Amino acid sequence: MLNSLSKDKPREILNIEYKGNSEIGKREGTYHDYNRLNNLTSKEWIKFQKSWFIINPKSRKKDVMMHPAKFPEELIENFIRFFTKEGQTVFDPMVGTGSTLLAAMNTNRNAIGIELSKKYANVAAQRVNDESEMMNNSGDKNNIKLYNGDARMLDRIISSNIDYCITSPPYWDMLREKGFETQKTREKMNYDTHYSEDGRDVGNIEDYMRFLDELKEIYLKVHSVMKIGGYLTVIVKNIKKGGKIYPLAWDLTKKLDFFTLKDEKIWCQDNVKLAPYGYGYSWVSNTVHHYCLIFKKE
Ligand SMILES: C[S@@+](CC[C@H](N)C(=O)[O-])C[C@H]1O[C@@H](n2cnc3c(N)ncnc32)[C@H](O)[C@@H]1O
């Protein structure tokens, strides 16, 4: 049974300070003081400008295996390094097992995360705590905050001045589709095959147009807490369902017209076992890329 929608304010479950290790001046290439966006050297800046990249997620540790769609920290770190300076604040309204929080710690930034599922939020909190114990470096103090609750209520806990938001929503209700990607293997291993039974979980919305509208409402709130000039990156995939394509990346882009779309970067995975879908009769791709949509609040 799905819970009914509630207007509860997200509950703070973690608020810790850590001392990170500054990366400034420690990398290859020249850093220019007039760089207002980030701490990258010219070499690193150019490298990130390529419109596609390959990152093959490493095999996951047991604690995060139960989450159906965890993202590699390395990917998020690269975006955080480009769109913020050290000490700035990164936000993820659907933080899952906390990859954005860990990535912020590894790059010496502050971060705020919200996650609806208590189970995943607890995993995220544990991961942040473990990481901070291992860090204990001599740099400036940074802060990580984590809330358990509905992203629709984000403006009740965040006032403003978010420098950068990077996030990935559920890919509609695809995890509930029979035979979706690795579902059978996950069932066998006793891992979660979908995020939750919660009515507030946008991954439980069956109607595609309603799903898009709900995401739009959440990103409108994200827009309201971001500083002017700040960027938002949304990682999504176009979706195949019932023999039809739903271009989620493009439909969402159209919905988010209160941001300025700046570009996309395409994340390719090159270690996925290919299946012979449609063999001998029809074109059906093995979709092994995601869109990292880049928006700006102007
Ligand atoms: C694609 S996953 C994010 C994965 C995350 N980037 C990671 O690496 O672990 C989407 C997440 O959105 C969460 N979610 C769904 N509806 C939500 C809502 N209304 N508010 C907050 N989180 C929500 C799900 O529980 C799920 O963990």
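The values are calculated or read from the model by the stated rules, or taken from the named source; none is laboratory data. Quick caveat, the model's predicted, so the values are computed rather than measured. When we count neighbours, we look across all protein chains shown, and the Cβ atoms used for this are built from the backbone with ideal geometry, even at glycine.
Please enumerate the residues belonging to region 242-253 that are assigned to a strand (DSSP E or B) and either exposed (fewer than 13 other Cβ atoms within 10 Å of the Cβ) or touching a Cys at 6+ places or on another chain (Cβ under 7 Å) (or both).
Correct list: Lys244, Ile245.
In region 16-35, is there at least one residue being surrounded by 22 or more Cβ atoms within 10 Å (Cβ to Cβ) and within 12 Å of the ligand (Cβ to nearest atom)?
No, there is no match, as no residue in region 16-35 is surrounded by 22 or more Cβ atoms within 10 Å (Cβ to Cβ) and within 12 Å of the ligand (Cβ to nearest atom).
Taking region 122-146, which residues are closer than 26 Å to Lys216 by Cβ and either near the ligand (Cβ under 9 Å from one of its atoms) or free of Cβ contacts under 8 Å to residues at least 60 places away in the same chain (or both)?
Narrowing region 122-146 to residues closer than 26 Å to Lys216 by Cβ: 124, 145-146.
Scanning region 122-146 gives a single hit, Ala124.
Just to verify a result, which residue in region 159-173, among those that are over 16 Å from the mean Cα position of the chain (by Cα) and away from the ligand (no atom under 13 Å from the Cβ), is modelled with the highest pLDDT?
Let us first name the residues in region 159-173 that are over 16 Å from the mean Cα position of the chain (by Cα), namely 159-161, 173.
Filter again for away from the ligand (no atom under 13 Å from the Cβ), leaving 159-161.
On the way: Ser159: 88, Ser160: 81, Asn161: 91.
Looking at the filtered set, the residue picked out is Asn161.
Which members of region 17-26 meet the condition of being under 18 Å from Trp45 (Cα atoms) and under 26 Å from the mean Cα position of the chain (by Cα)?
Those that are under 18 Å from Trp45 (Cα atoms) and under 26 Å from the mean Cα position of the chain (by Cα): Ser22, Glu23, Ile24.
Just a yes or no: is a residue in region 44-61 in a helix (DSSP H, G or I), surrounded by fewer than 23 Cβ atoms within 10 Å (Cβ to Cβ) and near the ligand (Cβ under 10 Å from one of its atoms)?
No, region 44-61 contains no residue that is in a helix (DSSP H, G or I), surrounded by fewer than 23 Cβ atoms within 10 Å (Cβ to Cβ) and near the ligand (Cβ under 10 Å from one of its atoms).
Kindly indicate whether any position in region 140-148 is part of a strand (DSSP E or B), among the basic types (Lys, Arg) and at pLDDT below 95.
yes
Can you find, within region 254-286, the residue that is surrounded by the most Cβ atoms within 10 Å (Cβ to Cβ) among those that are under 19 Å from the mean Cα position of the chain (by Cα) and closer than 18 Å to Pro72 by Cβ?
Out of the qualifying residues, it is Lys265.
Name the single residue, out of those in region 198-228 being in a helix (DSSP H, G or I) and of a type in the set (A, V, I, L, M), that is surrounded by the fewest Cβ atoms within 10 Å (Cβ to Cβ).
So, considering only residues that are in a helix (DSSP H, G or I) and of a type in the set (A, V, I, L, M), the one surrounded by the fewest Cβ atoms within 10 Å (Cβ to Cβ) is Met209.
Residue pairs, Cβ under 7 Å, 6 or more apart or interchain, first in region 229-241 and closer than 20 Å to Ser99 by Cα and part of a strand (DSSP E or B), second at pLDDT 95 or above and β-branched (Val, Ile, Thr). List them.
Close Cβ pairs (under 7 Å, with a partner that is at pLDDT 95 or above and β-branched (Val, Ile, Thr)) amount to Tyr231/Ile294; Leu232/Val222; Thr233/Ile166; Thr233/Ile294; Val234/Thr167.
Looking for something closer than 21 Å to Val222 by Cα, within 15 Å of the ligand (Cβ to nearest atom) and more than 16 Å from the chain's Cα centre (by Cα) - is there at least one such residue anywhere in region 107-116?
Checked region 107-116: no residue is closer than 21 Å to Val222 by Cα, within 15 Å of the ligand (Cβ to nearest atom) and more than 16 Å from the chain's Cα centre (by Cα).
Tell me, please, whether a residue that is modelled with pLDDT of 95 or more and under 30 Å from Arg81 (Cβ atoms) can be found in region 187-200.
No, region 187-200 contains no residue that is modelled with pLDDT of 95 or more and under 30 Å from Arg81 (Cβ atoms).
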